[in-house]
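Just below is one structure, and these are the notes that go with it.
The values are calculated or read from the model by the stated rules, or taken from the named source; none is laboratory data. It should be emphasised that the depicted structure is a prediction, and the values quoted were computed from it without experimental measurement. Backbone-built Cβ (ideal geometry, glycine too); neighbour counts: all protein chains shown. Surface accessibility is based on the protein's heavy atoms, side chains included, excluding ligands, DNA and RNA. Shrake-Rupley method; radii C 1.70, N 1.55, O 1.52, S 1.80 Å.
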Amino acid sequence: MTTGEKIAALRREKGLSQEVLGEKLGLSRQAVSKWESDQAVPTMDNLVELSRLFDVPVDTLLRPDEPLPDKEQKSSEWMKLAPDGFKITYSPVLTKKTKWFIIAVALLLFVSVIGNLFSIGYVQMLQTQVENLRLRVEAMSAQMQQSGAEYAPAEGQTEEDALSDYDIAYDLKYSPNKTVTTTLELSLSARPKELNPDTDIPKFTIQSAGKSWTCAAILEQDNSYVGSTEIPLRDAFTVYLTLTDRESGTVRNLLLETLSGISNEYRLQFDYQWLDEQGEALLDGSAITSENGSTTIRGWLQYRFYNAWSDQFRAYPVKCRLILREGDTELKSLEMSAAEYNEENGQYYAYGEPDWTVLKSFEDLELIAEVTDSYGRVYEWHIYDYAIEKAGP
């Protein structure tokens, strides 16, 4: 069973609707629906909360080969009776076996790339997703070992239903000359149901995988607090409005929202194909020939850019080049056409027609697709031809 199927089965066993389960987790019904249809993966915060709610280990939710325990098995695994008659509840923990399982999945995905030309970009994305999940599992495990509980704001009680309105807006900022090259610019606003501007000291708190950032919260005329800041790019983070009483020092942490899948919104995925004169895919490898120490590259090349993991297509290609390289030396280059957006499938396309011959064997060369996106980030993808002995990985 997939993680989504397990969540659906456990929810029905508990007699909960998707809407009720979402309310217990502070999420929408749509978020739960996406989990159960495997269109999205719960964050580690939500996985731990689900494991506690359903009385199953996190391992069982993550691993497709791990069956759901029956009720008697749950009782023996999760509850023990102490000598003095008190019941001790054991919280789910993540084991080393889970980490090795995730690493093994990443390796298997990498191996599967071989022999599948059109799935290269897709599999690379899966590897990144698995690696992000592994890092988040490790971070959550470390937190739970240190504190014995789910990560929460350092001080004060967390309140999940204390706001009448809020908004979280963000955009990527890329600065190649800075130490942290890729950051998120955040604009935040929150309107508390209970407002005490004379006694509260307000600030916004952003937390992700044990890291924390804060920024000033300014009270506006509409009784909402606003603030802005910049943090390193994170795949997931949680935002609070933190209110500290001036006299007593009591801290209230008003939960805005936990966001995930952020980095995917700014990720470009890529594939390519050679076309014949009629615009049909050229599958026989005739666009690249290499014999007698000479290489010829001639044909109509199509780049395709897409985002398979996010509804938000925030980054798009602005400059595309085809480069033939020997080591660090650029032998040939071609400016591709400007990338055009296809509204029907939500993808970008660019085209070029190289006509190159060089007195070099193709096994000594690199054919590179160089793409600059709308944030100034430069990507490089290798282009291979499987009709030549030196095919790509």
Task: Where a residue in the range 361-381 is open to solvent by less than 30 Å² (accessible area, probe 1.4 Å) and its partner, wherever it lies, is of a type in the set (Asp, Glu), with Cβ under 6 Å and at least six apart - done: Leu365/Glu326; Ile368/Glu380
Open item on the list: Suppose the filter is of a type outside the set (A, V, I, L, M), surrounded by fewer than 18 Cβ atoms within 10 Å (Cβ to Cβ) and over 23 Å from the mean Cα position of the chain (by Cα); does Glu185 pass it?
Closed with: no
TODO: Sort out for me the strands (runs of 3 or more DSSP E) sitting completely within the range 262-316 that have 1 or more residues that are open to solvent by less than 20 Å² (accessible area, probe 1.4 Å) and charged (D, E, K, R).
DONE: 269-275
Task: Per-region count, the range 3-48, residues open to solvent by 20 Å² or more (accessible area, probe 1.4 Å) and assigned to a loop (DSSP other than H, G, I, E, B) - done: 11
Open item on the list: Restricting to the range 342-368, give me the number of residues that are farther than 15 Å from Arg321 by Cα and among the aliphatic types (A, V, I, L, M).
Closed with: 3
Task: Test: Arg52 is farther than 21 Å from Glu265 by Cβ and either open to solvent by less than 30 Å² (accessible area, probe 1.4 Å) or touching a Lys or Arg at 6+ places or on another chain (Cβ under 6 Å) (or both) - done: no
Task: Some residue of the range 225-233 being within 17 Å of Leu163 (Cα to Cα) and not β-branched (Val, Ile, Thr) - done: yes
Open item on the list: Can you tell me which residue is farthest from Thr238 (Cα to Cα) among those in the range 192-215 that are basic (Lys, Arg) and at pLDDT below 95?
Closed with: Lys193
Open item on the list: Against the definition (at pLDDT 95 or above, surrounded by fewer than 13 Cβ atoms within 10 Å (Cβ to Cβ) and closer than 30 Å to Gly293 by Cβ), how does Glu389 come out, yes or no?
Closed with: no
Task: Long-range neighbours under 6 Å by Cβ, at least six apart or interchain, first residue more than 11 Å from Thr238 (Cα to Cα) and of a type in the set (Lys, Arg) within the range 248-266, second in a loop (DSSP other than H, G, I, E, B) and modelled with pLDDT under 90 - done: Arg252/Gly156
